[in-house]
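Encoded as structure tokens, the structure appears first; notes follow it.
Every number here is computed from the coordinates shown, using simple stated rules; none is lab data. Only a predicted model underlies this, so the values are computations on that prediction, with no experimental measurement involved. Note that we place each Cβ from the backbone using ideal geometry, even for glycine, and neighbour counts take in every protein chain shown.
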Amino acid sequence: MAKVRNRSHKHFQLDSVKIKRAQKALRAKTETETIERALDLAIAEHESNRLALEANDDCAPDCLPRLDLGSLPECLPPNLRRTGGGARLSTGAM
């Protein structure tokens, strides 16, 4: 765990069962350590999501591979096979 530099004294009303479950899951020794680790996880997840979205934004739709349904094996059900005018998905209902 990172060294704590800035601390502030806060009072929260929290679910004690959730804290104990989180404490066990995070293998924290104290409730304070539990909250610190949970906050670190939330921040890390947010950063990971931000980077993933940023990476996805860098990839324009034109750089994604195109799926040619005509090149798929004949073992596919007929509703997934290419028909004369292009690919179409039928529901089987007429």
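Some notes on this structure:
- For residue 48, neighbours were defined as the other residues whose beta-carbon sits under 14 Å from its Cβ, and their charges (Lys and Arg +1, Asp and Glu -1) total -3.
- Two-decimal Rg/Rh across region 16-64, once Rg and the Kirkwood Rh are taken from alpha-carbon atoms: 1.31
- Furthest towards positive pole of dipole, 30, 56, 44, structure part region 16-64, Cβ charges: 30
- Rounded to the nearest whole Hz, the Karplus-based 3J(HN,Hα) values (6.51 cos²θ - 1.76 cosθ + 1.60, θ = phi - 60°) of region 38-45 follow the sequence 5, 5, 4, 5, 5, 5, 5, 5, with x at glycine and proline.
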